[in-house]
Amino acid sequence: MDNNVSTPEGRIQNLIEAINRRNLSLAVVGSGYVGLPTAALFADAGFQVVAIDVKPVLVNAVNRGVSPLKEPGLNKLIARNVDAGRLKATLSYEAIAQSDAVIISVQTPLNKNRKPNLSYLMNALKKIGKNLKKNMIIVVSSTVPPGTMNERVKPTLEALTGMKAEADFYLAYVPERIAPGNALKEFVESPRLVGGIGPKSTKIASELFKTVCKTVMETDASTAEVAKLAENTYRDINIAYANQLAIICEKLNVDVMEVIRLANTHPRVNIHLPGPGVGGPCLPKDSYFLTHMSKLPCPNIIMTARKINDYMPSHIIKSTLKALEKTSKNIKTAKIAVLGTAYKGNVDDPRLSPAQPIIKTLLNLGLKTVAYDPKCEESFGAEKAESLNDAIKKADCILILTDHKEFEHLKLSEIRQYMNPNPIIIDARRIIDKEEAIRLGFKYYGLGKHSP
């Protein structure tokens, strides 16, 4: 790409032409569940892409043409583009100096006080600043609190480089909108928000993402920051409503799933499904990101919803203990088979999974706890079963926490033979056929149906 064009308009046009010709090299900083699909898709669109990460295992896998993540379609995509010479991975940030655009996709978790921890982002910016060159495009895709782009990212890069955003380099916020398990399709098909630090940055970043995303929606960086948090917070609130509705239905001996099904026939109602809690890298933290600097003069529905969702693991524990007591099980000797440690079905991601506090509490209570997940390696301190049969053998209670497809059609008649007498099923995802379970002699308790 020619970086010697003198006028601002000429430089912008030069960048757009380079994007359209795929004569632009791209670095993706942070190559996890979001960054690696990003790198692979841009490579597949024809760009030269280098994925930068701190994990040697990940870098080595990519350079062998193998996906280190269990993401449908990603292994094939990586293999094709590594073989074509368009995709490689490295541990070195020096690769940025040979790039024309950088997409930052590092984690932005909460700290122990539930405040935003932007240390990974700030460390990445410092390393990028050492290698940033004129006319470079910098895109942040990590979820950030409102004001981060203007108050943290822009000043940091300008101070490190002596250059000015919009004049010497271009800076935009393009939040990710993908879910593990369907990342490639959602990256391409979900409308993508592009918020530049100014109109020039918006235009250039928009042209870049149009090469991969079907729909791009332009705005400013601050609005994009809040919009990203608003969509995730909405989902968190909706799930909290479903969870509270489930608890109410248990008290009334009414089936919450039937209530939700009927209510959702109203054209303006869309209630989500209840569960054992809300996990994953986004929803549990984004409410805190949205509200951490806002002192509201009114009741805070956002944090109330968060408290409800945080309560759900405790509710599942209480239901489990009551079920054991009602079936005269000895808590000191009872065995619990936890099915599912991933935060949601059909993914291998255990981050902030509700299984973690549930398993921790069971272990602290002295219950023998075995965990089985066909996709996720994490067991959160429980004994890790290598198969479903190993998990349920001599178990007193099956606790279903993740709605993997493998768990939706369990052969209950066979499972019944492996378990101890008076077996219990605690169905926190409502994926088991209750009538069949009862007919086969299980004590069945489904979230939102009736409490033990």
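The values are calculated or read from the model by the stated rules, or taken from the named source; none is laboratory data. Note that this is a predicted model, so its numbers are computed, not measured. Please note: Cβ atoms are built from the backbone with ideal geometry, for glycine as well, and neighbour counts cover all protein chains shown.
Is there a residue being among the β-branched types (Val, Ile, Thr), over 26 Å from the mean Cα position of the chain (by Cα) and under 22 Å from GLY277 (Cβ atoms) anywhere in the stretch 359-368?
No, the conditions are met nowhere in the stretch 359-368.
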Review point. In the stretch 429-450, what residues are of a type outside the set (Lys, Arg) and at positive phi?
Key: GLY441, GLY448
Practice item. For the stretch 12-20, state whether one or more residues are closer than 30 Å to GLU378 by Cα and either of a type outside the set (Val, Ile, Thr) or free of Cβ contacts under 8 Å to residues at least 40 places away in the same chain (or both). Key: no
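Here's the yes/no breakdown for (1) in contact (Cβ under 8 Å) with a residue 40 or more places away in the chain; (2) over 22 Å from ILE424 (Cβ atoms):
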site	(1), (2)
MET303	no, yes
MET312	yes, no
LYS332	no, no
LEU352	yes, yes
Check your understanding: When the residues of the stretch 253-303 are filtered to those that are under 18 Å from the mean Cα position of the chain (by Cα) and among the charged types (D, E, K, R), which remaining residue is surrounded by the most Cβ atoms within 10 Å (Cβ to Cβ)?
Key -> ASP286
Practice item. State which residue is modelled with the lowest pLDDT when the search covers only the stretch 330-343 and only residues that are surrounded by fewer than 24 Cβ atoms within 10 Å (Cβ to Cβ) and of a type outside the set (Val, Ile, Thr). Key: LYS332
Review point. In the stretch 432-442, what residues are surrounded by fewer than 19 Cβ atoms within 10 Å (Cβ to Cβ) and either in contact (Cβ under 8 Å) with a residue 24 or more places away in the chain or assigned to a strand (DSSP E or B) (or both)?
Key: GLU436, LEU440, GLY441
Point to revise | Residues that are modelled with pLDDT of 95 or more and of a type in the set (D, E, K, R), drawn from the stretch 165-184 | key: GLU166, ASP168, GLU176
Check your understanding: Does the stretch 159-171 contain at least one residue that is under 20 Å from VAL34 (Cα atoms), buried (at least 20 other Cβ atoms within 10 Å of the Cβ) and either touching a residue at least 40 places away in the same chain (Cβ under 8 Å) or not hydroxyl-bearing (Ser, Thr, Tyr) (or both)?
Key -> yes
Revision key, fill the gap. Of (1) surrounded by 24 or more Cβ atoms within 10 Å (Cβ to Cβ); (2) in contact (Cβ under 8 Å) with a residue 60 or more places away in the chain; (3) within 24 Å of HIS292 (Cα to Cα), ILE103 satisfies every one except (3)
Point to revise | Answer residue from the stretch 318-356, given it is under 30 Å from PRO180 (Cα atoms) and assigned to a strand (DSSP E or B) and is nearest to the chain's Cα centre (by Cα) among those | key: LEU339
Review point. Is at least one residue of the stretch 139-161 more than 22 Å from PHE289 (Cβ to Cβ), assigned to a loop (DSSP other than H, G, I, E, B) and either modelled with pLDDT of 95 or more or in the same structural domain as VAL29 (by TED's automatic domain parsing) (or both)?
Key: no
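Which members of the stretch 364-403 meet the condition of being acidic (Asp, Glu) and farther than 23 Å from SER319 by Cα?
Those that are acidic (Asp, Glu) and farther than 23 Å from SER319 by Cα: GLU377, GLU378, GLU386, ASP390.
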Study note, to complete from the structure: Inside the stretch 191-211, the number of residues satisfying the requirement of being surrounded by fewer than 17 Cβ atoms within 10 Å (Cβ to Cβ), touching a residue at least 24 places away in the same chain (Cβ under 8 Å) and within 25 Å of SER31 (Cβ to Cβ) is 2
Review point. When you go through (1) of a type in the set (Asp, Glu); (2) buried (at least 23 other Cβ atoms within 10 Å of the Cβ); (3) touching a His at 6+ places or on another chain (Cβ under 7 Å) one by one for GLU250, which number turns out not to apply?
Key: (2)
**Study point:** Scan of the stretch 274-301 for residues that are in contact (Cβ under 8 Å) with a residue 12 or more places away in the chain and of a type in the set (Ser, Thr, Tyr), ordered by number
**Key:** SER287, TYR288, THR291
